[in-house]
1. For residues that are assigned to a helix (DSSP H, G or I) and either closer than 30 Å to S45 by Cβ or of a type in the set (G, A, S) (or both), scanning just the stretch 85-98, find the one that is modelled with the lowest pLDDT.
2. Would you pick out the residues in the stretch 7-29 that are among the aliphatic types (A, V, I, L, M) and surrounded by 10 or more Cβ atoms within 10 Å (Cβ to Cβ)?
3. How many residues does the stretch 26-36 contain that are farther than 18 Å from L75 by Cα and either under 12 Å from the mean Cα position of the chain (by Cα) or among the small types (G, A, S) (or both)?
4. Is it the case that the stretch 69-84 has a residue that's over 27 Å from A10 (Cβ atoms), basic (K, R) and modelled with pLDDT of 90 or more?
5. For the stretch 30-73, what are the residues that are without any contact (Cβ under 8 Å) to a residue 24 or more places away in the chain and either of a type in the set (F, W, Y) or in contact with a Gly (Cβ under 9 Å, 6 or more places away or on another chain) (or both)?
6. Please specify each residue of the stretch 30-69 satisfying the condition of being basic (K, R) and either assigned to a helix (DSSP H, G or I) or crowded, with 16+ Cβ neighbours inside 10 Å (or both).
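The values are calculated or read from the model by the stated rules, or taken from the named source; none is laboratory data. Bear in mind that the values here come from a model prediction, so they are computed numbers and not experimental data. Every residue, glycine among them, receives a Cβ derived from its backbone with ideal geometry; neighbour counts consider all protein chains shown.
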Amino acid sequence: MATEKQNITATEVVELVQRQGYLCAISGRKLTPETASLDHIIPFSRGGEHSIRNVWVVDHQVNIAKGTMSLEEFLAMCEDVVRWRHQGGGAARVPQPASQEDEP
């Protein structure tokens, strides 16, 4: 069960982003105020604390993709995606819906 939330101040977040060199902690993407997002290192939904000790700043799109996965689970999923794409899998193999021109 998730622990009680603690306050994380704006000052703490700014200091964290500065320590990270304005880069996403997971992908290394450059962070801007529009793209930055707090992510729980140990997911809050899995009992991780909502404290500055358990967060890092990541790119918003990375955070959405990661969801409630642990970093290890997320990286394993990313490796699966890359491996599949390198093997020629992915969108190229997904059947496309028939166009209206193909209908009798």
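1. Initially, the stretch 85-98 is screened for residues assigned to a helix (DSSP H, G or I), giving 85-86, 91-93.
Cutting the leftovers down to either closer than 30 Å to S45 by Cβ or of a type in the set (G, A, S) (or both) gives us 85, 91-92.
Numbers: R85: 89, A91: 63, A92: 58.
Filtering first and then ranking leaves A92.
2. First, the residues of the stretch 7-29 that are among the aliphatic types (A, V, I, L, M): 8, 10, 13-14, 16-17, 23, 25-26.
Answer for the stretch 7-29, where residues must be among the aliphatic types (A, V, I, L, M) and surrounded by 10 or more Cβ atoms within 10 Å (Cβ to Cβ): I8, V13, V14, L16, V17, L23, A25, I26.
3. Here is the first cut: in the stretch 26-36, the residues farther than 18 Å from L75 by Cα are 30-36.
Checking the rest, the ones that are also either under 12 Å from the mean Cα position of the chain (by Cα) or among the small types (G, A, S) (or both) come to 35-36.
Count: 2.
4. Taking every residue of the stretch 69-84 in turn, at least one turns out to be over 27 Å from A10 (Cβ atoms), basic (K, R) and modelled with pLDDT of 90 or more.
5. H40, N54
6. Here is the first cut: in the stretch 30-69, the ones basic (K, R) are 30, 46, 53, 66.
Those that are basic (K, R) and either assigned to a helix (DSSP H, G or I) or crowded, with 16+ Cβ neighbours inside 10 Å (or both): R46, R53, K66.
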